[in-house]
Amino acid sequence: MAVAHPLDRYLRTDRLPTMWCPGCGLGILLGCILRALDRRIREGSLRRENVGFAGGIGCSARMTLYPYFDSAHVIHGRAIPFALGVKIVKPEMKMIVVGGDGDIAAIGGNHILHAIRRNADLVVIMANNMIYGMTGGQQAPTTPRGLYTTTTPYGNPEREINIVKLAAALGANYVARGSVTHTPLLEQMIYKALGKRGLAFVEVLSTCPELFGRHIGFRSPVDLYSELRKRVVVKTRPSVEESDYSWERGFVIGEFVDRDEPGFIEVLQEYTSRARGGAG
Amino acid sequence: MRVDYVTGNTAIALGSIAAGLRFYAGYPITPTSDIFEFLARELPKRGGYVVQFEDEIASINAAIGASWACAKSMTATSGPGFSLMVEALSLAVITETPVVVVYVMRTGPSTGVPTRSGQYDVLQATYGFHGGLVVPVLAPATPQEAFDLTVRAFNVSEKLRTPVVLLSDATIAHTYGRVVVREPGEVEVVERAKPSVPPEKYRPYDPGEGLVPPMACFGEGYNVLVESLTHDERGYYAPRSDVQRRLMWRLYRKIVESAPELFDYGAAYLDGCDVALVSYGSTSLSTLVAAKILRSEGYRACSIRLRTLFPVYEEGIRRLLNGVGKVFVVENNVGLYYRELRGVLRGSEVVSVPIIDLDLPQPREVVEVVKQWL
Ligand SMILES: Cc1ncc(C[n+]2csc(CCOP(=O)(O)OP(=O)(O)O)c2C)c(N)n1
Ligand code: SF4
């Protein structure tokens, strides 16, 4: 098979083009994930057959349809427990959970909370397009206050979730916020997340021109992309307190937490081995 | 092999170990928590994992994930928890994931009487999830059956690549009984079929000549696809009527056509039976006594307890009850499984005997109701 693109070997090329709208930011994110994986696989720090994807439901979760790895496209909000089930019984797997802000921060909120509390050994990539894309532009927990969505036609009255603070407070080993407007940085964050034990959380600001941009006056993908780029503030090693998530003040991106506490899986294994008469 | 004196719940836990359980995911709920606690002590000794999740939704989804990593998986719950699990069970149906769900019924609706018994959820156990397909439901009545049917539930789930519900209730859960406990290696254990083709040729939902596709797992290099969308044999989303038809009928047939093989029942006084008391689960302990009383009073009564509730083996049930004058369906609810049997036994006289009791229906009460119709 002729390889048209260096990343083709990681893609189910017979499924392309993707289902995403032209100009959607999710393709950029997929590229970053695959490049980061490629680096890990080439340098030998990850084995290809030990990489698995899991996603719930949503445009973002459909990311799991395209990578040529073990992959699960499950139900809305539940990719985290699915992935953790795989990981517990096959610790050699590197499970990557990809989902939207609705998938992970709304319906899956209980699972992300407890996965972080456990420091569960998962890479969780939350694509944040500030809207429910797949279902047609409804309010998300990440929608900035005041903006129009189809379920808040007079403006979103709710406060946005700053999930970086949540992830940091509950003790994830790695917490970063990236953006599809800053790809080398995003790729580096994902690369790093793939090398961590414990829970590695990467929030990714992404663009939904079709249902977010169009409704707030940025109809073309380039306009929305440029607008997001303007509002993104890049910081080097910002503190969690600096993790502003605001349409007005800007969206701070960077690595907020990078620590190396034991992950859930190794602790579980240690405790389990006690039952078998091991140490402890 | 050893003989022990244990509760229905403990028997289920022991049965799951014998069947090769490697992962238990749970959320505490009466009357199932002692299954969880028993396994939390015993399974790690045998190299398995037991994890308490944040809710039943996480538990069942984790069990499904673990099954895709080739570990036999189980969770146990009761009505409120099962209600939370049904969305994921529908996922297990379409992704053809072997997983065992122990459903220990308690009194409902809603929180009801959490510690007491009932059979209100017999239809929910198979019809509770969206998509309109049937999953096998096995119903023990004694601790020994709880052990045996747990092993069977795993075997069926592996063989047919399906979720299986083991339907027990609060009475069986905490009733002690003599159980012949077998260890792993002492019972017949079925493992899911593995692909015989190399990864490049593997199509995760291609059943070949049969109805059940071989299953590769995460981490084996097969690039498996677990797909909740309507999918073709490759696991690719295909929103087309022909694909939906093919998938639906295969998923339907693989269960329904197994009905003869899955059919299982116990019977007493069948000889010359003219008045059949049909029941399942704990209520069949009452009907057994009721049949005995009726016999002693000169009626030609028998007692039949169904151990497989779904899929319904219509022909088998008709043959079993052939020639019986009247069929009484005794259950501890408003008369639910009766509706199944009434359809199957069209033309025969089928009477519902719904007796609601927080414990077992009293045999005397069963006798009194039955006699009104004789
Ligand atoms: C239990 C359940 N509720 C609702 C839905 C409908 N639904 C599908 S995707 C989605 C939200 C999508 O938003 P998000 O997760 O942010 O992903 P995006 O499409 O924006 O990438 C919803 C509500 C569903 N599939 N399942
Ligand atoms: S609806 Fe939005 S998020 Fe979904 S594919 Fe289209 S642009 Fe992307």
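The values are calculated or read from the model by the stated rules, or taken from the named source; none is laboratory data. Note that the structure is a prediction, hence the values are computed from the model and not measured. Neighbour counts run over all protein chains shown; Cβ positions are idealised from the backbone, glycine included. Ligands, DNA and RNA are excluded from the accessible area calculation, which covers all protein heavy atoms including side chains. Shrake-Rupley method; radii C 1.70, N 1.55, O 1.52, S 1.80 Å.
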**Estimated 222 nm signal from helices in the protein assembly as shown, with DSSP H stretches of n ≥ 4 weighted -39500 (n - 2.57), rounded to 500** = -10000 deg cm²/dmol
**Prompt:** Given labels modelled 7 Å from the Cα in the Cβ direction, how far is it in nm from B:GLU297 to A:LYS235?
**Reply:** 8.2
**Across B:LYS159/B:LYS292; A:LYS87/A:LYS230; A:LYS192/B:LYS194; A:LYS90/B:LYS201; A:LYS87/B:LYS159; A:LYS90/B:LYS159, pairs whose alpha-carbon gap is larger than 28 Å** = B:LYS159/B:LYS292; A:LYS87/A:LYS230; A:LYS192/B:LYS194
**Asked** Hey, could you pull the Cα Rg and Dmax for chain B, both in Å?
**Response** 20.7, 70
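Express as a percent, rounded to the nearest 5, the fraction of DSSP beta bridges in chain B (both residues included) that run antiparallel. Could you put the intermediate results ahead of the total?
On the way: 14 of 49 bridges.
DSSP beta bridges in chain B are roughly 30 percent antiparallel.
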**Request:** Give the angle, between 0 and 90 degrees and rounded to the nearest 10, that separates the Cα long axis of helix B:79-95 from the longest principal axis of the Cα atoms of chain B.
**Result:** 50
**Item:** Antiparallel content of DSSP bridges confined to region A:20-275, in %, to 5
**Value:** 20
**Prompt:** region A:170-280: Rg/Rh from Cα coordinates, Kirkwood Rh?
**Reply:** 1.17
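Averaging the inverse of every distinct alpha carbon separation and then flipping it gives the Kirkwood radius. What is it for the protein assembly as shown, in angstrom units? Mind dumping the intermediate values first?
On the way: mean 1/r = 0.0380 Å⁻¹.
About 26.3 Å, per the Kirkwood formula over Cα pairs.
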**Two-decimal log10 I(q)/I(0) for region A:223-276, as the Debye equation yields it once each C-alpha is a single scatterer, q = 0.23, 0.24, 0.25, 0.26 Å⁻¹** = -0.86, -0.89, -0.93, -0.97
**Item:** Radius of gyration and maximum dimension Dmax of region A:14-146, Cα, Å
**Value:** 14.6, 47
**Request:** Compute the Cα gyration tensor for region B:2-181, then decide on rounded, prolate or oblate, letting a ≥ b ≥ c be the square roots of its eigenvalues: rounded whenever a/c is under 1.5, prolate when a/b is larger than b/c in the other cases, and oblate in all that remain.
**Result:** rounded
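Around B:TYR269, under 11 Å between beta carbons, what's the net of Lys plus Arg minus Asp minus Glu among the other residues? Working shown, then result.
Working: positive: B:LYS292, B:ARG295, B:ARG300; negative: B:ASP271, B:ASP274.
Result for the local shell: +1.
By the gyration tensor of its Cα atoms, with a ≥ b ≥ c the square roots of the eigenvalues, what is the shape of region B:120-234: rounded for a/c under 1.5, prolate for a/b over b/c, or oblate?
Values: a/c = 3.29, a/b = 1.67, b/c = 1.97.
Oblate shape, in that a/c is at least 1.5 and b/c is the bigger or equal ratio.
First check a/c for region A:14-81, with a ≥ b ≥ c the square roots of the eigenvalues of its C-alpha gyration tensor; if it is under 1.5, answer rounded, and if not, answer prolate when a/b is larger than b/c or oblate otherwise. Spell out each step's value before the answer.
Working: a/c = 2.09, a/b = 1.28, b/c = 1.63.
Since a/c reaches 1.5 but b/c is at least a/b, the shape of region A:14-81 is classed as oblate.
Which semi-axes, in whole Å and largest first, does the equivalent ellipsoid of region B:254-374 have when worked out from the alpha carbon gyration tensor as the square roots of 5 times its eigenvalues?
Values: eigenvalues 97, 50, 32 Å².
They are 22, 16, 13 Å, listed from largest to smallest.
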**Complete:** Rounded to whole angstrom, the alpha-carbon centroid of region B:37-52 lies from that of region B:317-364 at a distance of 39
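Between A:ARG9 and A:GLU242, what FRET efficiency comes out of the Förster formula 1/(1 + (r/R0)^6) with R0 = 51 Å and r the beta carbon distance, rounded to 0.05?
Step by step, r from the Cβ atoms, then E = 0.85.
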**Prompt:** So which aspartates and glutamates pass the test for A:LYS235, namely a Cα distance under 19 Å, with those fewer than 8 places away in the same chain ruled out?
**Reply:** A:GLU187, A:GLU203, A:GLU227, A:ASP244, A:GLU248, A:GLU255, A:ASP258
**Request:** Mind pulling the angle between the C-alpha long axis of helix A:79-89 and the longest principal axis of chain A? Nearest 10 degrees, somewhere in 0 to 90.
**Result:** 10
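Carbon and sulfur atoms: what percent of the 1.4 Å accessible area of the protein assembly as shown do they account for?
Carbon with sulfur: 51 percent of the solvent-accessible area.
Could the peptides B:105-112, A:76-83 be put in order, highest first, of the mean number of other beta-carbon atoms found within 10 Å of their residues? It would help to have the intermediate numbers written out before the result.
Values: B:105-112: 17.6, A:76-83: 29.8.
Packing order, densest peptide first, comes out as A:76-83, B:105-112.
Averaged across the residues of A:65-74, what count of C-beta atoms belonging to other chains lies within 10 Å of each residue's C-beta?
Mean number of neighbouring Cβ atoms from other chains: 6.
Suppose we keep just the DSSP beta bridges with both residues in region B:265-373; what percent of those would be antiparallel, to 5?
On the way: 4 of 20 bridges.
Taking every DSSP beta bridge with both residues in region B:265-373, the antiparallel ones total about 20 percent.
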**Fill in**
region A:20-275: relative contact order from alpha carbon pairs under 8 Å, six or more residues apart, as a whole percent, is 19
**Prompt:** What is the mean number of Cβ atoms from other protein chains located within 10 Å of the Cβ atom of each residue in peptide A:8-15, rounded to a whole number?
**Reply:** 1
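With the Cα gyration tensor of region A:20-275 in hand, give its eigenvalues times 5 under a square root as the equivalent ellipsoid semi-axes, listed largest first in whole angstrom. Don't skip to the answer; put the middle values down first.
Details: eigenvalues 170, 67, 62 Å².
They are 29, 18, 18 Å, listed largest first.
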**Request:** Post the alpha-carbon centroid distance, region B:249-271 to region B:80-99, in whole angstrom.
**Result:** 22
**Request:** With label points built 7 Å along Cα→Cβ from the Cα atoms of B:TRP249 and A:ARG145, find their separation and express it in nm.
**Result:** 5.8
**Message:** Going by Cα centres, region A:22-63 and region A:158-174 are how many Å apart?
**Reply:** 22
**Asked** Against the longest alpha carbon principal axis of chain A, how many degrees, from 0 to 90 and to the nearest 10, is the axis of helix A:264-275 turned?
**Response** 30
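For region A:122-171, what does the accessible surface come to per residue with a 1.4 Å probe? Please give it in Å².
Numbers: 2030 Å² over 50 residues.
Per-residue accessible area for region A:122-171 comes out at 41 Å².
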